[in-house]
1. When Rg is the radius of gyration of the Cα atoms in region 140-183 and Rh is its Kirkwood radius, what does Rg/Rh come to?
2. Which FRET efficiency value, to the nearest 0.05, do you get for Ser134 and Ala240 by plugging their Cβ-Cβ distance into 1/(1 + (r/R0)^6) with R0 = 30 Å?
3. Please give the residues of region 101-141, grouped as numeric ranges, whose backbone N is less than 19 Å from a label point set 7 Å along the Cα-to-Cβ vector of Ala226.
4. Only counting other Cβ atoms within 10 Å, I'd like Met190, Met27 sorted with the fewest neighbours first.
5. Peptides 89-102, 221-234: what's the order by average Cβ count within 10 Å, highest mean first?
6. At 0.36 nm per residue, and after removing the present C-alpha to C-alpha distance, how many nm does the segment from His213 to Met40 gain when stretched out fully?
7. How high is the FRET efficiency from Arg104 to Lys82, r the C-beta distance, R0 30 Å, rounded to 0.05?
8. What distance in nm separates the two pseudo spin-label positions at Leu93 and Lys121, each 7 Å out from Cα along the beta-carbon direction?
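All of the numbers you see were taken from the coordinates with simple rules; none came from a lab. Quick caveat, the model's predicted, so the values are computed rather than measured. Because the Cβ atoms are built from the backbone with ideal geometry, glycine has one as well, and the counts that use them run over all protein chains shown.
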Amino acid sequence: MWQTANEYRGRELGVLLDLDGTIVDSMVPLKEAFISISSMIGIRIDEEQQRGIGKDLRFVMEGRSTRFSELKLIWRIGRILKLPWWKRVLLPLIAYHGLKQTARRAPPVKGVTEAIAYLKKAPKVKLGLVTSRSRKDAVRKLRSLGLLDYFDAIVTRDDARSLKPSPEQVRLASKMLRLPVKACALVGDMPTDVHAAKEAGALAVAVGTGIFHEDVRSSRPDLIIASVADLPKSLGEISARLKR
């Protein structure tokens, strides 16, 4: 399917991967779980409201992520849905643990495990993870997928004061890889990934495996691919775009 790893002859580059919706197929299960849990307290979320949540999600996710801020995120979604105050309070309490479990059980995107193994063998490619998950959650998830040892740098919410769309995590990952930011590409499924990459000076590569397809396209990434599974055959194009 791909050339052998040793056939890649481009410049040295850093490939920074988002986790949820990019490596693991978590966004659709999380969306379905949230809708299901919300229905338990009489909340019905229609298609228009789902689009509204997606549109505003990149703003409510800004800032350092902690357990408190994760609960606050769910509360803010309740505000976006214009729920009465008592349902805004109740929703985080009943949804938090179920959503965390759903994220932990999420399977890898098809073909991603093989693609990451390929990238690890490519002599001029360094791999980094940039995620809003905690280090504990991220390490646990990568280990369960057999991918932990493939990453040369892991940047989580515990390592930065601000998360994507802030460029801080991208810059930190490039520093850990000992590469200039302009030699790195951030691959993700959300507009926050695109904005973080561009603000940092990295190449913004969008994948179509999340739930924000229209939004991520309209954020004008430098390159769009179907999924991380297509990264090995896209290395040449990524390298060429980084040279510009």
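1. Reported Rg/Rh (Cα atoms, Kirkwood Rh): 1.01.
2. So the FRET efficiency works out to roughly 0.25.
3. Of the residues in region 101-141, 108-119 have backbone N under 19 Å from the label point off Ala226.
4. Met27, Met190
5. 221-234, 89-102
6. 59.5 nm is the gain from fully extending His213 to Met40.
7. For R0 = 30 Å, the calculated efficiency reads 0.50.
8. Inter-label distance under the simple model: 5.4 nm.
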